[in-house]
1. Taking neighbour Cβ counts within 10 Å as the exposure measure, how do 215, 225, 180 sort from fewest upward?
2. Using the number of other C-beta atoms within 10 angstrom as an exposure proxy, rank 20, 75 with the fewest first.
3. Is segment 2-141 rounded, prolate or oblate when judged by the Cα gyration tensor, a ≥ b ≥ c being the square roots of its eigenvalues, rounded requiring a/c under 1.5 and prolate requiring a/b larger than b/c?
4. Would you order 18, 99 from fewest to most other beta-carbon atoms within 10 Å of each residue's own beta-carbon?
5. How far is the Cα center of segment 170-204 from the Cα center of segment 62-78, in Å?
6. Out of segment 110-181, which GluC sites (Glu not before Pro) are coil in DSSP terms and have no more than 14 other C-beta atoms within 10 Å?
7. How large is ³J(HN,Hα), in whole Hz, for each residue of segment 81-86 in order, when computed from phi with the Karplus curve 6.51 cos²θ - 1.76 cosθ + 1.60 and θ = phi - 60°, using x for Gly and Pro?
8. Kindly rank 198-208, 123-133, 183-193 from highest to lowest mean number of other beta carbons found within 10 Å of each residue.
Amino acid sequence: MAFFSRVFLPFLLLLYISIETYLKLQHTSLCGDVGCKLAGELLRFDPMYLNYFGMFSVCILLLLGYASLKHKPMERLFFMVLYAAIAFETTILFYQFISNPEPCLFCLGIFSTLLSIALFSKPRNFAVVLAVMLSIFLALNTLAISKNKAFVSSEGMYLIQSNTCGHCKKVKQYFEEHNIAYTPISIQEVNARSFLKFVDISNIPVLVIKNNTGISLLTGDKKIIAHFKKTKKEDRTESVQTSSALGLPADLFSATTEPGCAITITESPSCD
């Protein structure tokens, strides 16, 4: 059992990572799911370097595992490297789990193999491994980790807002009264706060308007409402001019209300 857990399983893990590394160099992969691509976007560097680091670490683990079969002092080093690798992989995998809509199957394969090595090598210490994993997972859940996804994904209007902000309520009430459709985005979303910080906006509501020509921002309830009042007035004037040109009554279209675009909600100056 010692040879199986400390030599054979690490060798299989090294082979697994080596095959994936070779395939990535050939612009392919064992895992073609979206989760693996999203996981790569979370890294500060090229994902290939993480593969190289994994191969190096597993080589060390394999050598220590083989040496521990003959030299008892090497056993402690083997478990130190093994548990460090599990902690490292747990942090990466759980971070992906929290921030990504889909997990990376390649990372899951490495993680499950490391757990198998720990379980078969010393079963009585496996409860400690599980406790460390749970602690890391709970610690990561206490952090406001942004989701690795796009919130403004299609054309329309998005309102960054808060349910407790009076200025936001004014905008939402105006939209409701004039049948303007919008997509609300809570200011509690980390991505929303990061976006506003990136563009140096400290107040809500903020309206993000995305169309085929680009993206525009409107801040504050007064500016947002004034924008739609102006647009509505221009549409009414254009309708009157068009009907007059066609010889139709000038007030034919004045009573109609055109539906608005999708809008998001955000907070106002006094709601920092």
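Just so you know, all these numbers are worked out from the coordinates, no wet-lab data involved. Only a predicted model underlies this, so the values are computations on that prediction, with no experimental measurement involved. Every residue, glycine among them, receives a Cβ derived from its backbone with ideal geometry; neighbour counts consider all protein chains shown.
1. Placing the least packed residue first, the sequence is 215, 225, 180.
2. Ordered by Cβ neighbours within 10 Å, fewest first: 75, 20.
3. oblate
4. Starting with the residue having the fewest Cβ neighbours, the order is 18, 99.
5. 58
6. 155
7. Calculated HN-Hα couplings, in order: 5, 4, 5, 5, 5, 5 Hz.
8. The densest-packed peptide leads the list: 198-208, 183-193, 123-133.
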